[in-house]
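Below is one structure; the comments refer to it alone.
The values are calculated or read from the model by the stated rules, or taken from the named source; none is laboratory data. Quick caveat, the model's predicted, so the values are computed rather than measured. Don't worry about glycine lacking a Cβ; one is built from the backbone with ideal geometry, like all the others, and counts go over all protein chains shown. In case anyone asks, the SASA skips ligands and DNA or RNA and just uses the protein heavy atoms, side chains included. Shrake-Rupley method; radii C 1.70, N 1.55, O 1.52, S 1.80 Å.
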Amino acid sequence: MKIICVGRNYARHAAEMNSAVPTEPVLFMKPSTALVINNKDFWHPDYSSNVHHEVELVLRVSAHGRSIAEKFAWKYYDAITVGLDLTARDIQKKCKEKGLPWEKAKAFDNSAPIGKWISKEEIKDMNDIGFYLKKDGLVVQEGNTKDLIFNFDFLISYISKFFTLTKGDLIFTGTPEGWKNPESENPLMGKLL
Ligand code: MG
């Protein structure tokens with residue numbers, strides 16, 4: 001099982017990171033040891049003093065496939081949940097400055113907690129799913145799949161050109177803005193729910 005993650009897939013998140021909006025998906029991976037399920041406790045890495053949450057929608061791959069055509073991509077996942085792409089931002093910054101890989105910042109133990117799976121059939125429109133993250137009762141991130149730069153079908157097709165997808169793989173589809181600025185212009189942000 002592998003966890004494939006997409007970076008900078010919401011334009012406003014790319015802007016708050018001072019990153020260019022990508023013309024093709026930015027991909028990286030986490031190992032299976034990053035996964036946290038069933039509401040288990042997890043720990044921040046002791047080598048970072050700046051671990052950020054990135055709330056993302058996560059797809060569960062349901063079939064083996066490679067070089068999947070976009071029009072058939074919907075057949076290759078069967079469920080969706082929310083997850084956190086936990087990121088040691090201070091370590092990532094150092095890696096970026098040196099042009100080094102990000103794994104120490106992104107792929108550490110417990111860096112991928114996920115929620116309960118919802119069957120794909122229960123979702124009316126994959127291109128209009130709202131989701132948010134609350135921290136201590138306050139909304140700190142909020143997004144909608146209509147703002148994705150690359151939608152689910154495109155991502156599955158694109159990813160499968162490079163990596164064969166196998167049943168049980170997970171795809172983290174990118175985080176909306178807000179990890180840095182809870183006072184964002186988004187009206188939900190900072191509200192007690
Ligand atoms: Mg992310």
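General observations
- Solvent-accessible area of Ser32, all protein chains in place: 70 Å² (probe radius 1.4 Å, heavy atoms, ligands and nucleic acids excluded).
- Gap separating the Cα centres of segment 16-47 and segment 143-167, nearest whole Å: 16 Å
- Residue-by-residue Karplus 3J(HN,Hα) for segment 38-55, coefficients 6.51, -1.76, 1.60, Hz, glycine and proline x: 6, 6, 5, 5, 9, 10, 6, x, 6, 8, 10, 10, 8, 8, 9, 7, 10, 7
- ³J(HN,Hα), Karplus 6.51/-1.76/1.60, whole Hz, each residue of segment 95-112, x for Gly, Pro: 4, 4, 4, 8, x, 9, x, 9, 4, 4, 8, 10, 10, 5, 3, 6, 7, 9
- Evaluated at q = 0.19 Å⁻¹, a Debye calculation over the C-alpha positions of the chain (equal weights, vacuum) places log10 I(q)/I(0) at -1.52.
- Proximal lysines to Lys120, defined as alpha-carbon separation beneath 19 angstrom and excluding residues fewer than eight positions away on the same chain: Lys71, Lys75, Lys146, Lys167
- Charge dipole of segment 3-181 about the Cα centre (unit charges at C-beta), most positive-ward option of Met126, Ile68, His52: Ile68
- Amide H contacts of Gly7 (H built 1.01 Å from N, under 5 Å, at least 5 apart or other chain): Val26, Leu27, Phe28
- Fully extending the segment from His44 to Met29, taken as 0.36 nm per residue of separation minus the present Cα-Cα distance, adds 3.5 nm.
- Amide H contacts of Lys2 (H built 1.01 Å from N, in plane; Pro and chain starts excluded): Asp169, Leu170 sit under 5 Å, all sequence-distant by 5 or more or on other chains.
- About its Cα centre, the dipole of segment 42-193 is roughly 400 debye, where the only charges are +1 on Lys and Arg Cβ and -1 on Asp and Glu Cβ.
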